[in-house]
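Before any comments, here is the structure.
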Amino acid sequence: MTARNYAQHRCPIAQSLSIVGDQWTLLIIRDALNGKRRFGEFLDSLGLSRNLLTNRLAEMVEMGLLERVALPGTQREGYAPTAKCRDLQRTLLSLAAWGDRWLPAPEGRRVVTRERGSGRPVSLRFCRDDDGIAIDDRALEVIRHSR
């Protein structure tokens, strides 16, 4: 993997970048979370070389982000997101919202997130753990524990 190794850093953001800091990894995660399972689907979506995709998928399986699964109706295997991968969905949605806001496309928003079934739009928000009340991000304070 071409991502840097930040294991020596005590920062969880830096350590996370050791795993998902490569651009292809995040895009493969995006596609897996959106239902792509077959090698060819990832290849068509991303446009990278077969060798690079093969290596990235193998690394992501090894890191526990993807798992090999039998594809229904075939003798082939595909890739499915693990719980570890699905936990990155909020991160990707946050990046997409940031990109829509700060790197706008001429045609407007490129991504809309909505609830399955109802189709009602949803957004990511910060809320207090104890009562669920939404708070403004400017009211956040991040405390770094030193041990």
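This table checks each residue for (1) at pLDDT below 90; (2) surrounded by 12 or more Cβ atoms within 10 Å (Cβ to Cβ); (3) over 21 Å from LEU53 (Cβ atoms).
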residue: PRO81; (1), (2), (3): no, yes, no
residue: LEU88; (1), (2), (3): no, yes, no
residue: LEU92; (1), (2), (3): no, yes, no
residue: ASP100; (1), (2), (3): yes, yes, yes
residue: GLU115; (1), (2), (3): no, no, yes
Review point. Pick from the range 70-126 the residues that are within 18 Å of ILE19 (Cα to Cα), part of a loop (DSSP other than H, G, I, E, B) and free of Cβ contacts under 8 Å to residues at least 60 places away in the same chain: which of them is farthest from the chain's Cα centre (by Cα)?
Key: THR82
Check your understanding: Got a number for residues in the range 27-45 being within 16 Å of LEU92 (Cα to Cα), of a type outside the set (Lys, Arg) and surrounded by 14 or more Cβ atoms within 10 Å (Cβ to Cβ)?
Key -> 6
Check your understanding: If you check every pair at least six apart or on different chains, which have Cβ atoms under 7 Å apart with a residue in the range 22-37 that is touching a residue at least 12 places away in the same chain (Cβ under 8 Å) and within 16 Å of THR113 (Cα to Cα) first and a residue that is among the aromatic types (Phe, Trp, Tyr) and part of a helix (DSSP H, G or I) second?
Key -> ASP31/PHE42
Exercise for review: Could you list, in sequence order, all residues of the range 60-69 that are more than 10 Å from TRP24 (Cβ to Cβ), in a helix (DSSP H, G or I) and within 16 Å of the chain's Cα centre (by Cα)?
Suggested key: VAL61
Practice item. Could you list, in sequence order, all residues of the range 127-140 that are of a type in the set (A, V, I, L, M) and part of a loop (DSSP other than H, G, I, E, B)? Key: ILE133, LEU140
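The values are calculated or read from the model by the stated rules, or taken from the named source; none is laboratory data. This one's a predicted model, so the numbers in the text were calculated from it and none came from an experiment. Reconstructed Cβ throughout: ideal geometry from the backbone, glycine too, with neighbour counts over all protein chains shown.
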